[in-house]
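These notes are about the structure you will find just below.
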Amino acid sequence: MSITEFSPSKHRLKVAFFGVAPDDEADRAFDERRYKVVQCTDAQLRDPRFLLTTDSVVFFQNPDKPASIYHQLESHAKALLDYDCRIYVRVAKSEELQRTARVIVVNAIYELGLPGAGFTQDERSRIPHNVREREGVALAPYVYICDSAIKWSDLAQIVSENPAGESPNTKLEINVVSLDNQTVKLDAWERLLIQRAFSNCSTINLRQMAGGRSGCRAFRGHFKLSLPLLRRNFPLACFVKIGTRKQIEAEYLSQSGAAIFLPFYLTPKLDLKRSGLGADHGILVADFVDEAESLSNCAREGRAISVIGNLFNKTLRAWSNASEVQSTFSLSQMLEDLFPQKVPEHRQEKIIEIGAQLDLVELRVLFMSLKSRTVRVGWVHRDLHALNVLVRGSDALLIDFEKFRDRQPLVYDAATLEAGLLVDGFERDPRSIGQVQSSIESLYNLSVIIDWIAPCPPHDESAWFFDCVKKIRMHAREMECESGQYATALALALLKKGCNVVDYGEKQEELRALAYLFSERILRALSAREIDAHAAT
């Protein structure tokens, strides 16, 4: 399936009825829309060969045993969704059941953790966010609830307007290797997603990419079409990301919205017909940004200053131009949902060793006590670390829009960029963590963050970081409505780096502990500053 909708596949013109034989009216309604209706059995729904040629399956809730729909969906729904077969559940009609039949169906979708659609507003409000359609938008495939009174012509029209994508290409040759050229074994669901995404291809070669903090697997791919348009079939490049359905769905929706406001050549374009979702996982396919490197690599070599300028002046200019000032919520209130919940146990000792004294409860009190209320808000990436900014020449390209949001504080993007350069940029630094700390800790005095009075000798090994930070903060100052807002956002961004749950290598762990320490220092200084200001008035 593709996340986007297009005409029905010629291989998927079959609609299967489970539990009820189609009557003449159903045959006529679907035949008018080029579909053939068949009755299917439990065994057929377990047969991949049957699923390859099936567009949709209609389950009929039994009025005598209404709860049996739970077991039917439990047995078949996830496999059907993984094959991009669309699922429709027709609620039983019974005077005795009244609304109970529909409640049983809704609860089954909820309890099984299936993606669903067709809910009423009241039903949607009672379904957890991880099951509910994100912001009211359901991305196929999903389980669609149909009332018992629906006409066959109406159901046939819904099916025809929401066709399944191309059938998975079971003959596709898939070759996957790691960064060190070792063969990577794929799970069955990963192979199925790739077979769906590249259904019109004969071969796909994937090389796993480094980086990425979301838990998704990212690949650089080269594929060959089965029916080349040219006589010579050259491999075509692409970027492939595989992750949970929630992650892929979120990034698809976010990038679709974000890309409208970004220059087309400064973000990869999604391949909508190849991107798709299954029951629990999904796949994104996009253009591969060739001849590009991460900002962290570029920064360490002293080549990032013009790129950072272009990032804010060109790549993100439309977001900045569309921003506005609000005074309803304080900066701390707007960012409260991002505050970490706990410190990872494996990093706790390092954080204490490096000199941190306050726990998260105490830091939250300091953070929420900051009352800065006039805030410039707009579209924000919210995960603008150094690995999500690619450098091509002097251009800054954005990737990974999973956390993109509207009406968020603009200063937070600048803060996450600085925090990302801290934990990623010094990872390969040969100096000890103590030496790194002593060379850059002057940057995290509050007066330096606000007024910038911290020079760094050009021969110092941390000079590249000072240059980048100075450039970032120069742009961040334009986003502030009140002094100290960037410092507040930076404290949170550093704290999130310090509390990331992933267990990284030794140097990365030390850098994240250092980020925690710097966050504590900033919050202490901001709180003391606010107390002094209050006393003065």
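The values are calculated or read from the model by the stated rules, or taken from the named source; none is laboratory data. Only a predicted model underlies this, so the values are computations on that prediction, with no experimental measurement involved. FYI the Cβ positions are ideal-geometry reconstructions off the backbone, even for glycines, and counts take in every protein chain you see.
Taken as a whole, the condition of being modelled with pLDDT of 90 or more, out of contact with any strand residue (DSSP E or B) (no Cβ under 9 Å at 6 or more places or on another chain) and within 30 Å of CYS468 (Cα to Cα) applies to ARG300. No other residue among LYS403, LYS314 is surrounded by fewer than 20 Cβ atoms within 10 Å (Cβ to Cβ), in contact with an Asp or Glu (Cβ under 7 Å, 6 or more places away or on another chain) and assigned by TED's automatic domain parsing to the domain that holds GLU506 apart from LYS403.
Given the structure, is ILE433 of a type in the set (A, V, I, L, M, F, W, C) and closer than 18 Å to ARG524 by Cβ? No; evaluated as a whole, the condition is false for this residue. Scanning segment 245-258 for residues that are touching a residue at least 24 places away in the same chain (Cβ under 8 Å) and either farther than 15 Å from ALA140 by Cβ or of a type in the set (S, T, N, Q) (or both) yields a count of 8.
Quick one: which residue in GLU336, GLU291 is of a type in the set (Asp, Glu), surrounded by fewer than 18 Cβ atoms within 10 Å (Cβ to Cβ) and at pLDDT below 90? Give the derivation first.
On the way: GLU336 fails: at pLDDT below 90.
The match here is GLU291.
For segment 50-82, the set of residues classified as among the basic types (Lys, Arg) and not in a helix (DSSP H, G or I) consists of LYS65 only.
Out of everything in segment 496-520 that is of a type in the set (A, V, I, L, M, F, W, C) and under 21 Å from the mean Cα position of the chain (by Cα), what residue ends up being nearest to SER332 (Cα to Cα)? Full working, then the answer.
So the first thing to find is which residues in segment 496-520 are of a type in the set (A, V, I, L, M, F, W, C), and the list is 499, 501-502, 511, 513-515, 517-518.
Filter once more, keeping what is under 21 Å from the mean Cα position of the chain (by Cα): 499, 501-502.
Working: CYS499: 18, VAL501: 23, VAL502: 25 Å.
Once the filter is applied, the top-ranked residue is CYS499.
With respect to (1) surrounded by 15 or more Cβ atoms within 10 Å (Cβ to Cβ); (2) farther than 27 Å from HIS346 by Cα; (3) in contact with a Lys or Arg (Cβ under 9 Å, 6 or more places away or on another chain), the lone exception for TRP452 is condition (1).
Does ALA279 count as among the hydrophobic types (A, V, I, L, M, F, W, C), modelled with pLDDT of 85 or more and touching a His at 6+ places or on another chain (Cβ under 6 Å)? No, not satisfied. Of the residues in segment 92-112, at least one is assigned by TED's automatic domain parsing to the domain that holds PRO63, surrounded by fewer than 16 Cβ atoms within 10 Å (Cβ to Cβ), small (Gly, Ala, Ser) and modelled with pLDDT under 90.
Just checking, how many residues over segment 83-95 are outside any loop (DSSP other than H, G, I, E, B) and among the hydrophobic types (A, V, I, L, M, F, W, C)? Even if it seems obvious, please write down each step before you answer.
Taking segment 83-95 as the starting set, the residues that turn out to be outside any loop (DSSP other than H, G, I, E, B) are 86-90.
After this cut, where a residue has to be among the hydrophobic types (A, V, I, L, M, F, W, C) as well, the list is 87, 89.
So the answer is 2.
When restricted to residues that are closer than 23 Å to ASN169 by Cα and not in a loop (DSSP other than H, G, I, E, B), segment 8-37 contains 4.
Considering segment 452-466, and only residues there that are modelled with pLDDT of 85 or more and over 33 Å from the mean Cα position of the chain (by Cα), the residue that is nearest to ARG529 (Cα to Cα) turns out to be ALA463. Residues in segment 237-265 that are surrounded by 14 or more Cβ atoms within 10 Å (Cβ to Cβ), among the aliphatic types (A, V, I, L, M) and either in a strand (DSSP E or B) or under 17 Å from the mean Cα position of the chain (by Cα) (or both): VAL240, ILE242, ILE248, ALA250, LEU253, ALA258, ALA259.
Yes or no: segment 319-326 includes at least one residue that is touching a strand residue (DSSP E or B) at 6+ places or on another chain (Cβ under 9 Å), under 22 Å from PHE518 (Cβ atoms) and outside the structural domain of GLU251 (by TED's automatic domain parsing). There is no residue in segment 319-326 that is touching a strand residue (DSSP E or B) at 6+ places or on another chain (Cβ under 9 Å), under 22 Å from PHE518 (Cβ atoms) and outside the structural domain of GLU251 (by TED's automatic domain parsing). Counting the residues of segment 10-65 that are touching a Gly at 6+ places or on another chain (Cβ under 7 Å) and surrounded by fewer than 17 Cβ atoms within 10 Å (Cβ to Cβ) gives 1.
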